[in-house]
Amino acid sequence: MDETIEKPVKLLDPAKFRDPWTTATGEPRASVRLNQLETLWFCTGTLCNLACENCYIESSPSNDSLVYISRAEHADYLDEIEREGLGTHTIAYTGGEPFMNPDMIPMLEDALSRGHEVLMLTNAMKPMMKVSTALLDLQQRFGEQLTVRVSIDHYSQDVHEQERGPKSWAPAVHGLHWLSENGFTIDIAGRLFSNETEDEMRRGYEAFFRREHIDVDAWNKSKVVLFPEMGQQDVPEITTGCWSKLGVSPDAQMCASSRMVIKRKGADHPAVVPCTLLPYEPEFELGRTLKESFQDVPLNHPHCAQFCVLGGASCGG
């Protein structure tokens, strides 16, 4: 295995991804309609205990451009789901590191107690362990209704730490052991950034899980989710004609079934965006309420092409 992580070198054509509805070549841009709000994500804030090399949301110990969502703001959206009969199945949380949000445990309890399945993303390090007693209480009360997704970017310490920084491996593995030993439902988020095939990556995770006595099936794609990288190479724009050419359905894209709530620093209230990948671009803000967000989303960003349509990935697994 070549453990040198290659960075993209071909820069994005500046003529691309400019007009929401038309590509650089004058063709109609593909868009996606929200069919059913199956998953509602909350970005709990961009502050994180790590500053990863290629964090798509630029989380760090100092980046608070997306501020903490409060328990009351979170409850407003859960109320809207019930009031409008949206039938949302899963409530999911990402960051930053979500466990740095002081309202995280109460928000988890609120979502779980309303009967939602919950997907909790974390690096499983010190912020999670600081609330381990309260988190264990939720696990004991709600069981498999709560899934904790741990970011283990690679099955080896050296490559994982190339992305997440020195001394980030041992605390994450310790947290993973704690979750496993206490019966949590676990899945793993990895990254395809090490010049290995997917099969090579899964064999590596399989050996890691066996060595560490972690009960996760490395070959189950919903239990070990391997995300494609999102660099600045010159990715193609997706036209309406691409759906049939690629054999891909717009209904399979993340924004056909999910939305994410964010709160910008200085804003009076949260806002809704199409997905977890587009938190910063103001043109992707779809309104304040979930009902307002039921709009067609033009795929006017490199992430739409690289991660979702061509990469076939979804943060929901």
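The values are calculated or read from the model by the stated rules, or taken from the named source; none is laboratory data. As the structure is a prediction and not an experimental result, all values here were calculated from the model. Note that each Cβ is placed from the backbone with ideal geometry, even for glycine, and that neighbours are counted across all protein chains shown.
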Of the residues that sit in the range 29-38 and are in contact with a Leu (Cβ under 7 Å, 6 or more places away or on another chain) and part of a loop (DSSP other than H, G, I, E, B), which one is surrounded by the fewest Cβ atoms within 10 Å (Cβ to Cβ)? Leu37
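Residues are listed down the side, and each one gets a yes or a no for (1) touching an Asp or Glu at 6+ places or on another chain (Cβ under 8 Å); (2) at pLDDT 95 or above; (3) among the aromatic types (Phe, Trp, Tyr):
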| position | (1), (2), (3) |
| --- | --- |
| Ala252 | no, no, no |
| Ala256 | no, yes, no |
| Arg259 | no, yes, no |
| Lys265 | yes, yes, no |
| Val273 | yes, yes, no |
| Pro279 | no, no, no |
| Glu283 | no, no, no |
| Leu286 | yes, yes, no |
| Leu290 | yes, yes, no |
Output the residues belonging to the range 174-224 that are assigned to a helix (DSSP H, G or I), under 27 Å from Glu117 (Cβ atoms), touching a Phe, Trp or Tyr at 6+ places or on another chain (Cβ under 8 Å) and of a type outside the set (A, V, I, L, M, F, W, C). Arg202, Tyr205, Glu206
What number goes with the only condition from (1) crowded, with 19+ Cβ neighbours inside 10 Å; (2) in contact with an Asp or Glu (Cβ under 6 Å, 6 or more places away or on another chain) that Asn195 does not pass? (1)
Selection from the range 134-173 of residues that are of a type in the set (Lys, Arg), surrounded by fewer than 21 Cβ atoms within 10 Å (Cβ to Cβ) and either on the phi < 0 side of the Ramachandran plot or in a strand (DSSP E or B) (or both): Arg141
Evaluate the range 284-292: report whether one residue or more is of a type outside the set (Ser, Thr, Tyr), free of Cβ contacts under 8 Å to residues at least 24 places away in the same chain, in a helix (DSSP H, G or I) and out of contact with any Phe, Trp or Tyr (no Cβ under 8 Å at 6 or more places or on another chain). yes
For the range 41-68, which positions are under 14 Å from Pro279 (Cα atoms), in a loop (DSSP other than H, G, I, E, B) and either free of Cβ contacts under 8 Å to residues at least 12 places away in the same chain or not hydroxyl-bearing (Ser, Thr, Tyr) (or both)? Gly45, Cys55, Ile57, Glu58, Asn63, Asp64, Val67
For the range 219-231, indicate whether the set of residues that are modelled with pLDDT of 95 or more and over 19 Å from the mean Cα position of the chain (by Cα) is non-empty. yes
Which of the residues belonging to the range 44-93 are of a type in the set (D, E, K, R) and at pLDDT 95 or above? Asp64, Arg71, Glu73, Asp76, Asp79, Glu80, Glu82, Arg83, Glu84
If you check Ile91, Ile105, Ile81, which single one turns out to be out of contact with any helix residue (DSSP H, G or I) (no Cβ under 8 Å at 6 or more places or on another chain) and either of a type outside the set (Ser, Thr, Tyr) or surrounded by fewer than 14 Cβ atoms within 10 Å (Cβ to Cβ) (or both)? Ile81
Gly26 meets each of (1) exposed (fewer than 14 other Cβ atoms within 10 Å of the Cβ); (2) of a type outside the set (A, V, I, L, M); (3) under 24 Å from Val118 (Cα atoms) with one exception, condition (3)
Looking at (1) surrounded by fewer than 19 Cβ atoms within 10 Å (Cβ to Cβ); (2) more than 21 Å from Arg33 (Cβ to Cβ), which one does Ile214 not meet, given that it meets all the others? (1)
If a residue must be in a loop (DSSP other than H, G, I, E, B) and touching a Pro at 6+ places or on another chain (Cβ under 7 Å), how many such residues does the range 231-267 contain? 6
Could you say whether any residue in the range 292-311 is surrounded by fewer than 19 Cβ atoms within 10 Å (Cβ to Cβ), under 21 Å from the mean Cα position of the chain (by Cα) and within 20 Å of Thr90 (Cβ to Cβ)? yes
How many residues does the range 117-131 contain that are touching a helix residue (DSSP H, G or I) at 6+ places or on another chain (Cβ under 8 Å) and not in a helix (DSSP H, G or I)? 9
Tell me which residues, restricted to the range 82-100, are in a loop (DSSP other than H, G, I, E, B) and over 19 Å from Thr289 (Cα atoms). Gly95, Gly96, Glu97
Specify the residue that is surrounded by the most Cβ atoms within 10 Å (Cβ to Cβ); the eligible residues are those in the range 39-57 that are touching a His at 6+ places or on another chain (Cβ under 9 Å) and of a type in the set (Phe, Trp, Tyr). Phe42
